[in-house]
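Scroll down for the structure; my scribbles are underneath it.
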């Protein structure tokens, strides 16, 4: 129960960080921070079973203008970042 509440708190904080970044001028640094926040948000959403939100967040990250960080997103295939750990190793 504690771990789940920690993930929930992380989701809230990361969403707040993304909202704050949206109010700042778009620079390479703010784009990079937004992608990093979305990648971290993905990590918090998966254990909560919020897969639709994961897809949305990853599409937002992929649509950003920072090619170096965008390459850290798993691509457009949802299976790449939603499969269960046992499926990854088959």
ask   = Among the residues of region 47-67 satisfying the criterion of being assigned to a helix (DSSP H, G or I), farther than 17 Å from residue 10 by Cα and in contact with a helix residue (DSSP H, G or I) (Cβ under 8 Å, 6 or more places away or on another chain), which is modelled with the highest pLDDT?
value = 55
query = What residue, among those in region 28-43 that are under 8 Å from the mean Cα position of the chain (by Cα) and surrounded by 16 or more Cβ atoms within 10 Å (Cβ to Cβ), is farthest from residue 6 (Cα to Cα)?
reply = 35
request  = Residue by residue through region 1-42, note down the ones that are over 17 Å from residue 64 (Cβ atoms) and either without any contact (Cβ under 8 Å) to a residue 24 or more places away in the chain or in contact with a strand residue (DSSP E or B) (Cβ under 7 Å, 6 or more places away or on another chain) (or both).
outcome  = 1, 2, 5, 6, 9, 12, 13, 16
task = Considering (1) on the phi > 0 side of the Ramachandran plot; (2) at pLDDT 90 or above, say which one residue 8 fails and leave the rest.
result = (1)
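The values are calculated or read from the model by the stated rules, or taken from the named source; none is laboratory data. Keep in mind it's a predicted model, so treat the numbers as computed, not measured. For neighbour counting, all protein chains shown are included, and Cβ atoms are generated from backbone atoms with ideal geometry for every residue, glycine included.
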